[in-house]
Amino acid sequence: MNSVMNLATQSFDAIIVGGGGAGLRASIELAQSGLRVAVVSKVFPTRSHTVSAQGGINAALGNTDGSDDWRWHMYDTVTGSDFLGDQDAIEYMCKNAPQAVYELEHMGLPFSRLDDGKIYQRAFGGQSRNYGKEVVHRTCCAADRTGHAMLHTMYQKNIEVKTQFYNEWFAIDLVKTEEGIAGVIAMCIETSEIVFLKARATILATGGAGRIFQSTTNAHINTGDGLGMVLRAGLPLQDMEFWQFHPTGIAGAGTLITEGARGEGGYLINKDGERFMERYAPHLKDLSCRDVVARSSTIEIREGRGCGPKGDHVLLKIDHLGEQLINERLPGIRELSITFAGVDPLKDPIPVVPTCHYLMGGIPTNVHGQVLTLDESGKDKVVPGLYAAGECACVSVHGANRLGANSLLDLVVFGRAAGLHVQQAVREGLGYREPTPAELEHALKRFNHWNTNENGESVEQIRSELQNVMQNDFGVFRTADTMQEGFKKLQKLQERLKHASIQDKSNCFNTSRVEALELDNLMVTALATAYLANERTESRGAHARYDYPERDDKNWLKHSIYFADGRIAFRPINMKPLEVAPIKLSAREQ
Amino acid sequence: MRFSIYRYNPETDSKPYMQNFDVDVKEHSCNMVLDALVVIKNIGDDSLTFRRSCREGVCGSDGMNINGKNALACVTHISSLKEPIIIRPLPGLPVVRDLVVDMTQFYQQFEKVKPYLQNTDPEPAKERLQSPEDRAKLDGLYECILCACCSTSCPSFWWNPDKFVGPAGLLQAYRFIADSRDTAKESRLADLVDPFSLFRCRGIMNCVDVCPKGLNPTKAINHIKELMLKDSV
């Protein structure tokens, strides 16, 4: 049993939890400013899931088309979000996008190039010029390995600026005092040593949680760790009903085929060889928003026009693009397709199916990355000492549906914004918060629980049932009956989880214990999703209901908020950008 | 399918041993070696220890020695392997537990080559320009995932892991030397002229043989040698 009596403490100006894109961008900002900063990452940073991002990063540079405007990018992002995105945050992101991309280029990111030497930009879903008029090429990329190139470039920059890393350390819980967040309790995976990392500011950059679903493009490590930490600290999550299903996960394997494949001219076909997106979305076709394409594929499969012996997938055709283009612009997806589908896309179409990909919701923050909760009267209140950025955060720039290639942008823009605000806060005197022994003990509770529980069900038993429930009852299309059934199953699982145990109690690189601690986070993330998905009686963006098929702006143009005790509340959507006129509500163009 | 797996927990084992596991790979739909390892851990023995993350060959976590050859477990098809499948940790690095090795020396060699863009010219307001031809010179270099399959298959690295940069680090060194935007070519070459950092490469080419991304560190090493030669003439 670990107790606070022998707990080592290490102090920093800022602790960043997570070594993916958002965390590494924040750490660059802070290390360059001379503050004492450390990154805690449960994997070596280049193993973070940003590495799997393929297609690119949006910025209105106008390199391929000759001109572009961040206001058009903003318009696309707001409408793509089905108006659930906050317009002040979207304005901030799109306006800062070109600078963010140039910074990455200066750091060395090996972007693909145009003949004139500028960064190559490709077409992507939902991107237009002139407020929805024509298709635009806005997505900057490094072939189809943009996430890999970006993550490695930023890790390399962190080596240069000498950021301190706690690699293969697992953050167990936030330490919360009366005044705010004091830091985190973290465990060295190799030795099981426990340390209190005390910080003026704690930045959560823990990424997504796609592992609550059975079929996901997400890595094994995407378990919602920051989301769990926030809920256990009595703080809320926002818009957790909004999960993006990517139209093109490889059938069976779940691995991602970038939207860039369609951006370069690929398209989806059903068993009759029909290019079915022309029927669902005559204007944007295969480059419609992801929620639209995912739903269309799902309908094709359900109505018996799916491919393969079981009719359980559709096909992505790119062979007509030719060998040279595929090898130059899409080499990674060719490799993945050969490995995981046994198909060479130079010759044959790739079997694909909508697959859980991205969480639009998360920890509510303002544009500076400061984490928000609600005060007693339901108004926004900043949580002192706590920030969040990247997929775990909900600023919200993605609203009810994220546009492809806006997520890498989100990471760097808001990772930087959080870093900038922490600097300013420290300059203005942000101090430490001193936890009592009881408050420290509280953050150690679940660690001790997994060490002492015996003879319970295994982590895998509960995890696989949880993933099964989410897959079947909270998928692309939802309805009250199945969701309520799923909700009850989740509550039972939560009860069973209390008695689960691990057999391996070793203190040497105990990955079983890590998986158990991750399961706690998956469980509360799934519950948050279930609560809010049941609550929202409309269809908007990625939240599509059979029983409420229409968007309902009168009742549901608002963020939903969930606390771990089951409380549900709402926050208004920000419709007041600082510089431009608000983008007015309209029906979304298909 | 029988898997024979290297086991060692320094807390309880006086020495390493091989343990057999039989997995019904059809029943559990295991296509890749990683799928089978996950099944063993989930329903057989939760103490089996290995690293994994993306399960699609891009994060570089699960490098291990499979039937005598270094590879990523997540992109190695079980059907391509002879039974029993013998799985050991990457050779040449200290074992932490089971299939997990201590990668410190590998990362130190990576950091030694200053793997970040150096450019002393003032930053332009927009991007630095680079022709598609110059950009193409980085293909086959920047895709490295730091899985360590190459360096830990290299006898020269086994002998001098503290002094020989190794194929992964040298590939990175050349990635920056070859970048038209980098202005530190001379100091990068100077950093490698000692007898060990670069010149312990004997052209054995195990690195090329095992790289799961199909990269060619030996070629990069030869390019560095050519540049040194040119500079010294």
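The values are calculated or read from the model by the stated rules, or taken from the named source; none is laboratory data. This structure is a prediction, so every number in the text was calculated from the model and none was measured. As a convention, Cβ positions derive from the backbone with ideal geometry for all residues, glycine included, and neighbour counts pool all protein chains shown. Side chains are part of the model used for accessible areas, which takes the heavy atoms of the whole protein and leaves out ligands, DNA and RNA. Shrake-Rupley method; radii C 1.70, N 1.55, O 1.52, S 1.80 Å.
Report the one residue of A:LEU268, A:ILE573, A:THR216 whose Cα lies farthest in the direction of the positive end of the charge dipole of chain A (charges on C-beta: Lys and Arg +1, Asp and Glu -1; origin at the Cα centre). It is A:ILE573, whose Cα lies furthest towards the positive end. On the principal axes of its alpha-carbon atoms, the stretch A:275-401 has extents of 59, 35, 29 Å, going from largest to smallest. For the stretch A:513-564, the C-alpha radius of gyration sits at 1.44 times the compact-globule guess of 2.2 N^0.38 Å, with N the residue count.
Of the residues making up the stretch B:73-121, those losing 50 Å² or more of accessible area when the isolated chain is joined by the remaining protein chains, with a 1.4 Å probe, are B:VAL96, B:ARG97, B:TYR107, B:TYR116, B:LEU117. Going by the alpha-carbon gyration tensor, a ≥ b ≥ c the square roots of its eigenvalues, is the stretch A:1-66 rounded (a/c under 1.5) or, if a/c is not under 1.5, prolate (a/b greater than b/c) versus oblate? Taking the square roots of the gyration eigenvalues as a ≥ b ≥ c, the stretch A:1-66 is oblate.
Residues in the stretch B:136-144 carry Karplus couplings, in order, of 5, 5, 8, 5, x, 10, 6, 7, 4 Hz; the curve used is 6.51 cos²θ - 1.76 cosθ + 1.60 with θ = phi - 60°, and Gly or Pro positions show x. Give the calculated FRET efficiency between B:GLU27 and A:ASP552 to the nearest 0.05, with a Förster radius of 45 Å applied to their Cβ-Cβ distance. Once the sixth-power term is evaluated, E becomes 0.45. Counting only aspartates and glutamates at least 8 places from A:LYS488 when in the same chain, those with an alpha carbon closer than 20 Å to its own are A:GLU241, A:GLU457, A:GLU460, A:GLU465, A:ASP473, A:ASP520, A:GLU535, A:ASP547, A:ASP565. Surface composition of the stretch A:286-373: carbon plus sulfur atoms hold 52% of the accessible area, using a 1.4 angstrom probe and ignoring ligands, DNA and RNA.
In terms of packing, defined here as the mean over residues of other Cβ atoms within 10 angstrom, the peptides A:92-98, A:372-378 line up highest first as A:92-98, A:372-378. Dividing the C-alpha radius of gyration of the stretch B:1-111 by 2.2 N^0.38 Å, with N its residue count, gives 1.04. Sorting B:153-164, A:422-433 by their mean Cβ neighbour count within 10 Å, with the most densely packed peptide first, gives B:153-164, A:422-433. Here the calculated FRET efficiency for B:THR183 and A:CYS188, from their Cβ-Cβ distance with R0 = 30 Å, stands at 0.15, rounded to the nearest 0.05. Dividing the Cα radius of gyration of the stretch B:156-195 by 2.2 N^0.38 Å, with N the residue count, gives 1.26. Here the stretch A:214-342 is treated as a sphere whose radius is the Kirkwood value from Cα pairs; by Stokes-Einstein at 25 °C and 0.890 mPa s it diffuses with a coefficient of 150 µm²/s. Peptide packing: for A:147-158, B:75-86, A:468-479, the average count of neighbouring Cβ atoms within 10 Å per residue gives the ranking A:147-158, A:468-479, B:75-86, highest mean first. About its Cα centre, the dipole of the stretch A:454-590 is roughly 500 debye, where the only charges are +1 on Lys and Arg Cβ and -1 on Asp and Glu Cβ.
Distance from the Cα centre of the stretch A:479-527 to that of the stretch A:289-350, in angstrom? A separation of 33 Å, based on Cα centres. Per residue, the protein assembly as shown exposes an accessible area of 35 Å² to a 1.4 Å probe, with every protein chain left in place. Contact residues in the stretch B:1-43 (at least 20 Å² less accessible area with all protein chains than alone, 1.4 Å probe): B:GLU11, B:MET32, B:LYS41, B:ASN42. The ellipsoid equivalent to the alpha-carbon distribution of chain B has semi-axes of 38, 19, 15 angstrom, derived from the gyration tensor eigenvalues as √(5λ) and listed largest first.
Taking every residue in A:107-117 and counting other chain Cβ atoms within 10 Å of its Cβ, the average works out to 6. Derived scalar couplings between HN and Hα for the stretch A:135-142 equal 5, 10, 9, 10, 9, 6, 8, 10 Hz in order, rounded to whole Hz, by the Karplus curve 6.51 cos²θ - 1.76 cosθ + 1.60 (θ = phi - 60°), x for Gly and Pro. Listed values for the stretch A:281-297 are Karplus-derived 3J(HN,Hα) couplings in whole Hz (6.51 cos²θ - 1.76 cosθ + 1.60, θ = phi - 60°), namely 9, x, 7, 8, 6, 6, 9, 5, 4, 4, 4, 5, 5, 4, 5, 4, 4, and x replaces Gly and Pro.
Here the sum of -39500 (n - 2.57) over DSSP H runs of 4 or more residues, divided by the residues of the protein assembly as shown, equals -10000 deg cm²/dmol at 222 nm, to the nearest 500. Positive end of the dipole of the protein assembly as shown (Cβ unit charges, origin at the Cα centre): among A:ALA418, B:TYR174, B:LEU93, the Cα lying farthest that way belongs to B:TYR174.
A cysteine counts as unpartnered when no other cysteine's C-beta lies under 4.7 Å of its own; in chain B this applies to B:CYS30, B:CYS74, B:CYS144, B:CYS147, B:CYS149, B:CYS154, B:CYS201, B:CYS211. Where q = 0.19 Å⁻¹, what log10 of I(q)/I(0) comes from the Debye formula for the stretch A:364-511, counting one point per Cα? Summing over Cα pairs of the stretch A:364-511 leads to -1.15. Label reach from B:GLU11 (point 7 Å along Cα→C-beta): in the stretch B:78-111, amide nitrogens under 19 Å belong to B:95-102.
Look at the dipole of the stretch A:26-99 built from charges on Cβ: of A:ASN96, A:VAL43, A:PHE83, the Cα furthest out on the positive end belongs to A:VAL43.
May I ask you to find the residues of the stretch A:458-488 that are shielded by at least 20 Å² of accessible area once the whole protein assembly is considered instead of their isolated chain (probe 1.4 Å)? The answer is A:GLU460. Go ahead and collect, in residue order, the members of the stretch A:41-70 whose backbone nitrogen is under 11 Å from a label point 7 Å along the Cα-Cβ direction of B:ASP139. Those under the cut-off are none; the list is empty.
Binning the C-alpha pair distances of the protein assembly as shown at 20 Å intervals from 0 yields a P(r) profile of 16, 53, 30, 1 %, listed from the shortest bin outward. Would you mind classifying the stretch B:108-233 by shape? Square roots of the alpha carbon gyration tensor eigenvalues, ordered a ≥ b ≥ c; an a/c under 1.5 is rounded, otherwise it is prolate if a/b is larger than b/c and oblate if not. Because a/c hits 1.5 or more and a/b exceeds b/c, the stretch B:108-233 counts as prolate.
What the Cα atoms of the stretch B:163-233 give is an Rg and a Dmax of 11.8, 37 Å.
For A:GLN214, nonlocal amide neighbours, meaning residues 5 or more places apart or on other chains whose placed amide H falls under 5 Å from its own, are A:GLN471.
Expressed as a whole percent, the accessible surface of the stretch A:1-139 that belongs to carbon and sulfur atoms is 46, based on a 1.4 Å probe. Evaluated at q = 0.11, 0.17, 0.19, 0.22 Å⁻¹, a Debye calculation over the C-alpha positions of the stretch A:18-104 (equal weights, vacuum) places log10 I(q)/I(0) at -0.43, -0.91, -1.02, -1.12.
The share of Cα pairs per 10 Å bin across the stretch A:161-239, counted from zero up to the longest distance, runs 16, 44, 33, 8, 0 percent. The smallest convex shape that holds all Cα atoms of the stretch A:472-574, its convex hull, gives 136 Å³ per residue.
Of all lysines in the structure, the ones whose alpha carbon falls short of 20 Å from that of B:LYS225, not counting any fewer than 8 places away in one chain, are B:LYS112, B:LYS114, B:LYS137, B:LYS163, B:LYS185. For the protein assembly as shown, the antiparallel share of DSSP beta bridges with both residues in that region comes to about 70%. Basic side chains Lys and Arg get +1 at the Cβ, acidic Asp and Glu get -1 at the Cβ, and with that the dipole of the protein assembly as shown about its Cα centre reaches some 560 debye. Extent along the principal axes, Cα only, for the stretch A:60-166: 44, 36, 20 Å, with the longest axis given first. For chain B, the share of accessible area belonging to carbon and sulfur comes to 52 percent (1.4 Å probe, ligands and nucleic acids excluded). Remark: accessible area buried at the A-B interface is about 4900 Å², both chains counted, probe radius 1.4 Å. Summarising the amide proton neighbourhood of A:TYR166: residues at separation of 5 or more, or on other chains, whose placed amide H is nearer than 5 Å comprise A:VAL39, A:VAL40, A:SER41. On the basis of the beta-carbon distance and an R0 of 25 Å, A:LEU325 and A:ASP115 show a calculated FRET efficiency of 0.95.
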